[in-house]
Amino acid sequence: MTSLLPWIALLLPLASMFVILLATRSLRTLSAFISVAAVLGSFVCSCLIFFQQTSAAAAICWIDLAPLFSVPLGLTLDPLSRSMLFMVTGVGAVIHIYSLGYMSADAGKSRYFAGLSLFMFAMLGIVLANNFVMMFIFWELVGVSSYLLIGHWFERPAAAEAAKKAFITNRIGDFGFMLGILMVWTGTGSLVFTEIAAGMAKLTAHPSYLTAAALLVFCGAVGKSAQFPLHVWLPDAMEGPTPVSALIHAATMVAAGVYMLVRVGFLIDASSGALHVIAWIGTITAVLAALMATQQNDIKRILAYSTLSQLGYMVMAVGLASGQAAMFHLFTHAAFKALLFLGAGSIIYMLHHEQDIWRMGGLAKRLPITFLTFLVGTLALIGFPGFSGFFSKDAILALAYERSLPIFAFAAFTALLTAFYMTRLVVVAFFGDARSPHAARGAESPIVMTLPLILLSVPAAIGGFGFFARNFLSLPNETKPVVAVPVIALLALLIGVVSALLLYRNRTTEPVEIELFRNRFYFDELYTALIKSTQGLLAAIAAFIDRWILDGAIVRGLSGGTWGSGFLLRLLQVGNLQAYGFLFGLGIIGLIYFTVFH
């Protein structure tokens, strides 16, 4: 029975989706409870798997094209997947419960919860897959389900555009991911992770090929985890319902890219060139996103850019050859970022969907539970000593300090910016006078929304201790913190917090205007101009190929050649016996000539 637990955990959300779509779609409340019950069931199974060290059932042969390749239908259960399974279902369950309150009056409630169930099924599939083919299928399912959830309010043009932007941008990264998978299969002859790891000698014998394969696989993470230059979709994903934002940003979609890189760490770590590129992509993403966050006014967008920045930290850790440090920060980030997004949702819900922090103010007194839990999440995010983010972020800073001082400098500067923009958010939104009628009349959210905030605040506050003691202390000596790292981190924290307090205390308008940061370094405008400038050229090339090569040379050429051959052959069929006799004689003469002289 225990060997079936992983399959039950995986398939419960899928069953929930089918039941909602086929039987209970018109019963909105029942649909919601079915979805919540399914994810709670998956969470219970995950707890049993995590604490009882359950093993997966034997793999079933799925695709057998021997000797070309074979693909099993199997699951992997190692410490990495067990921990990830526990985290995804735990955070997912809390967000499902929160959604009962946030989406209580939504007309598309059943469709929303069906989408959540599909999303959970796809993410759990990525976590449990033991080969590239299964992972890629679930990878694409995550893309489809995110498209449906981001565009849940599809009647809004902004939501529909955001959903398309997320879907298309991810397809760019996924194309590279697919090429990388094909290169790995060509090089090792297998698609199963354990078999690829065993056959790495075939790839390491060709360093350039290995680096190309590793970087193409990394392209998948660039899309899913929204790394530079494919980071542009994630902030726009805020157009979906806030619980969706929490789910995507905390424990599922964006975490999938980092998890995948750690899962295939044997491939990434084998190429120093790939590690160097990955480390700097993560560093660039962390700094750029933090700079953008300092000038955003939408509370969800501030948190979205914060997610981009923290994902940059995780990818940076992967590039510094420490998947353990990356996963440490992924786990702590899942708790405090889900808490922050759900806290933002509580504010938005009670302020009748107001999201501009400059239209808030004075919320600390009116939303005390939301404020205190949001403050816990903020302290964890900025790395305040003792909170979960302090341990995980300092682990990455220590890693960078030992292995790349330039990257460490950028990482420390990002920590300063994080403290700055989060203090700005808290001061402007929660303190001072109410700056809108809704803020003045706001009251605390219902218990179904505040209870998840309280539950998430516990791991956000103390979650770093258990993981730190059990995992981080077992890291190699060269990655343990040195005295300089916590000192620099604390100094960056103090500078960021104090600067924000001095600038924004008792302010009612933005005192610092930096259009470059506010307009996100104009990446969207750049991509739009690039698409428009190349669209005409690409259309002309496509028209030329279609008209002169496909239609002209191939279609018309083949049909014209066939007609011409038929016309020539028709001349031989004249129906005249004398002509036939002449041709027959001519043939005999030709036969004699070739027989005698050749």
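You will find that of 107, 114, the residue that is modelled with pLDDT of 95 or more, over 23 Å from residue 456 (Cβ atoms) and aliphatic (A, V, I, L, M) is 114 and no other. For the range 512-529, filtering for residues that are farther than 12 Å from residue 294 by Cβ and of a type outside the set (Asp, Glu) leaves 8.
Of note, residue 296 does not satisfy the criterion of being in contact with a strand residue (DSSP E or B) (Cβ under 6 Å, 6 or more places away or on another chain) and either of a type in the set (A, V, I, L, M, F, W, C) or over 28 Å from residue 137 (Cβ atoms) (or both).
A count restricted to the range 336-361 and to residues that are touching a residue at least 12 places away in the same chain (Cβ under 8 Å) and open to solvent by 10 Å² or more (accessible area, probe 1.4 Å) stands at 8.
Among the residues examined, residue 468 does not qualify as surrounded by 13 or more Cβ atoms within 10 Å (Cβ to Cβ), in contact with a His (Cβ under 9 Å, 6 or more places away or on another chain) and either modelled with pLDDT of 90 or more or farther than 27 Å from residue 235 by Cα (or both). Scanning the range 310-358 for residues that are in a helix (DSSP H, G or I) and out of contact with any helix residue (DSSP H, G or I) (no Cβ under 7 Å at 6 or more places or on another chain) yields 324, 350. Scanning the range 126-185 for residues that are over 21 Å from residue 229 (Cα atoms), aromatic (Phe, Trp, Tyr) and open to solvent by less than 10 Å² (accessible area, probe 1.4 Å) turns up just one, 132. Condition test on residue 193, is it buried (at least 24 other Cβ atoms within 10 Å of the Cβ) and more than 30 Å from residue 152 (Cβ to Cβ)? The answer is no for residue 193. Considering the range 237-298, the qualifying helices (runs of 4 or more DSSP H), each wholly inside and each with 2 or more residues that are farther than 19 Å from residue 222 by Cα, run over 242-250, 272-293. Here's a check for you: in the range 195-217, which residue that is β-branched (Val, Ile, Thr) and touching a residue at least 60 places away in the same chain (Cβ under 8 Å) is nearest to residue 184 (Cα to Cα)? Once the filter is applied, the top-ranked residue is 196. In the set 385, 446, 406, only one residue is without any contact (Cβ under 8 Å) to a residue 12 or more places away in the chain and either of a type outside the set (A, V, I, L, M) or open to solvent by 30 Å² or more (accessible area, probe 1.4 Å) (or both); that residue is 406.
Out of all the residues in the range 207-227, is one or more in contact with a His (Cβ under 9 Å, 6 or more places away or on another chain), among the hydrophobic types (A, V, I, L, M, F, W, C) and open to solvent by 10 Å² or more (accessible area, probe 1.4 Å)? Yes, the range 207-227 contains at least one residue that is in contact with a His (Cβ under 9 Å, 6 or more places away or on another chain), among the hydrophobic types (A, V, I, L, M, F, W, C) and open to solvent by 10 Å² or more (accessible area, probe 1.4 Å). Pairs meeting the criteria (first residue in the range 265-290 and touching a residue at least 40 places away in the same chain (Cβ under 8 Å), second residue surrounded by fewer than 22 Cβ atoms within 10 Å (Cβ to Cβ) and charged (D, E, K, R), beta carbons under 8 Å, at least 6 apart or on different chains) are 275/269.
Considering the conditions (1) charged (D, E, K, R); (2) open to solvent by less than 10 Å² (accessible area, probe 1.4 Å); (3) modelled with pLDDT under 95, residue 424 is excluded by exactly one of them, (3). For the range 49-63, the condition holds for at least one residue, the condition being that it is over 30 Å from residue 182 (Cα atoms) and among the aromatic types (Phe, Trp, Tyr). Of the residues 184, 287, the single one that is modelled with pLDDT of 95 or more and in contact with a Gly (Cβ under 8 Å, 6 or more places away or on another chain) is 287. Of the helices (runs of 4 or more DSSP H) that lie entirely inside the range 480-598, those containing 2 or more residues that are surrounded by 10 or more Cβ atoms within 10 Å (Cβ to Cβ), free of Cβ contacts under 8 Å to residues at least 60 places away in the same chain and over 59 Å from the mean Cα position of the chain (by Cα) span 577-597. Taken as a whole, the condition of being open to solvent by 40 Å² or more (accessible area, probe 1.4 Å), free of Cβ contacts under 8 Å to residues at least 24 places away in the same chain and under 30 Å from residue 340 (Cα atoms) applies to residue 79.
In the set (1) buried (at least 18 other Cβ atoms within 10 Å of the Cβ); (2) under 19 Å from residue 131 (Cβ atoms); (3) under 23 Å from the mean Cα position of the chain (by Cα); (4) not aliphatic (A, V, I, L, M), residue 72 fails one condition alone, (3).
The values are calculated or read from the model by the stated rules, or taken from the named source; none is laboratory data. The structure presented is a predicted model; accordingly, all values stated were derived computationally and were not measured. Backbone-built Cβ (ideal geometry, glycine too); neighbour counts: all protein chains shown. These area figures cover heavy atoms from the full protein model, side chains too; ligands, DNA and RNA do not enter into them. Shrake-Rupley method; radii C 1.70, N 1.55, O 1.52, S 1.80 Å.
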